[in-house]
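Working notes for the structure below.
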Amino acid sequence: TKASQAGEALAFANHWRDITGAHPELLVFDSKVTTGAGLAELHDAGIAHVALVTGGNGGIGLGMARGLAKAGAKVAVWGRNPSKNESAVADLGSLGTEAASFTVDVTDEDAVAAAMRDTLTRFGHVDSCFANAGVGKAAAFTEMTVADWNEVVDINLLGAFLTFTLWEQLGIDP
């Protein structure tokens, strides 16, 4: 049954964590594929999957958020631009999912912590986290200024670091 497949998926994720020490929230899709239970099946079984997508208001992040929404997940969209965030939420809502936006600069540790708490308050839990926020510059790195370079490194690397370390510090576990 769908409910037993969902239970198997969660058991697999927890078993994987016990064996490897890896976070099941980062493996949750693999575990559901392995047991044959996708997000839609989990949703049908009454298990609401909540996904957090940094940079989820455009580009690859929004594409990922759409895929998650189509699969039945609720989606938390994190981004710096409030109007793009709200547009993304409307887009995701048109796909029939529950979505919410959070304005956050992923290079700001306090802002990431506040957004993580706000996301948990809004949805009650978070099952998977996609640290997707990123930027690039339309220049060879040898032509970039130090400020340009620091912006790329801060958003692309520090943002992922802060998102995942605060995820761990807050004890978020599916």
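Just so you know, all these numbers are worked out from the coordinates, no wet-lab data involved. Every value quoted in this text rests on a predicted model; they were computed, and no experiment measured them. Heads up, the Cβs are rebuilt from the backbone with ideal geometry, glycines too, and the neighbour counts pull from every protein chain shown.
So the values come out like this:
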| quantity | calculated |
| --- | --- |
| Kirkwood hydrodynamic radius of segment 39-174, Cα pairs, Å | 15.2 |
| Segment 51-95 versus segment 106-155: alpha-carbon centroid distance in Å | 15 |
| Inter-label distance, nm, simple model (7 Å from Cα along the C-beta direction), Arg122/Asp91 | 1.6 |
